Amino acid sequence: MRYVIFIFIILFSNYKAQNYQKFDIDLFEKNKKRMSSVQMANDTTQRNIHEAYTIIKGDSLIIMEKYSCNLDYRITRTKKRGSRKIITQYYPNYSISSQYSLFAGNYVGVKKDYSEKGELLQTVNYDLLLTECGNCASIFDIAKNIRKDFNVNIENEDEIIGWNIEKSKNLNKTIYKIVCPPKYPDGRPLRGFVYDMKTGKFIEEYKQQRWSY
């Protein structure tokens, strides 16, 4: 048993240390498991097979996966209950095609796209785009504020349903809208929060019937 644990620690440490420029197809093929097999809607003779290999250490997760309907591979790094995911995608030749971060489904940070030869093709800084538009508070500033204001940790998957940035006509400013599960487990409406995107300050709380973004 100690030997198995020792091998796992070495495996995880080595995997964590690599720069993710190449998808480790040997590691994936050796450890992958079929997660699902769903009939394709546009071709009933084909099935979309999802295969994955999950590496767990403490609160950290590394998920290697492939869907048969796509030609590329993917690695997701996150926490067990984390809303932030770092995703690296790969070409069929296992070289990196793009790397980006998502927070509860929306882009944050820097997204990089690469050619099949490993050349950097494009960089998009989503945080910088917000700053250039005159907005100062990031979603992570809001995460700190909403934890302080309402004791809601939206950095956990089970405490946030979604968030969006929009221009409020009523308030005449750009705002964050954050939707969280009901405060009480009795079927009450979802909790909605509005924060000023420039100052990061709370504006209002409202009831949300459903989340449609």
On the accessible surface of the chain, probed at 1.4 Å with all protein chains in place, carbon and sulfur together account for a percent value of 51
Using a 1.4 Å probe and ignoring any ligands, DNA or RNA, find the accessible area of MET35 and quote it in Å² to the nearest 10.
120
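Helix-only mean residue ellipticity at 222 nm, the chain, DSSP H runs n ≥ 4 weighted -39,500 (n - 2.57), per residue, nearest 500. What is it? Don't skip to the end; give the middle numbers.
Working: 4 runs with 42 residues, N = 213.
That comes out to -6000 deg cm²/dmol.
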Proximal lysines to LYS167, defined as alpha-carbon separation beneath 30 angstrom and excluding residues fewer than eight positions away on the same chain:
LYS85, LYS111, LYS112, LYS144, LYS148, LYS177, LYS183, LYS198, LYS201, LYS207
If you count only protein heavy atoms and use a 1.4 Å probe, how large is the accessible surface of CYS133, to the nearest 10 Å²?
100
Which lysines have a Cα lying under 17 Å from the Cα of LYS79, excluding residues fewer than 8 positions away in the same chain?
LYS16, LYS57
Enumerate the calculated ³J(HN,Hα) couplings along the stretch 132-147 in order (Karplus 6.51 cos²θ - 1.76 cosθ + 1.60, θ = phi - 60°), each rounded to whole Hz, writing x wherever the residue is Gly or Pro.
5, 8, x, 9, 9, 7, 8, 5, 7, 5, 5, 4, 5, 5, 6, 5
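Over the chain, with the other protein chains present, what is the accessible area per residue in square angstrom, probe 1.4 angstrom? Don't skip to the end; give the middle numbers.
On the way: 13240 Å² over 213 residues.
On a per-residue basis, the chain sits at 62 Å².
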Net dipole in debye of the chain [+1 Lys, Arg Cβ; -1 Asp, Glu Cβ; about Cα centre; nearest 20]:
480
Compute the helix-to-body angle for 2-17: its Cα long axis versus the longest principal axis of the chain, expressed 0 to 90° and rounded to tens.
60
Percentage relative contact order, the chain, counting C-alpha pairs under 8 Å, at least six apart
10
Just need the relative contact order of the stretch 117-213 here, percent rounded to a whole number, with Cα pairs under 8 Å and 6+ apart.
23
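The values are calculated or read from the model by the stated rules, or taken from the named source; none is laboratory data. Owing to the predicted nature of the structure, the values given are computational and were not obtained by experimental measurement. Glycine gets a Cβ as well: all are built from the backbone with ideal geometry, and neighbour counts include every protein chain shown. Quick note on the areas: whole protein, heavy atoms, side chains included, nothing else; ligands and nucleic acids left out. Shrake-Rupley method; radii C 1.70, N 1.55, O 1.52, S 1.80 Å.
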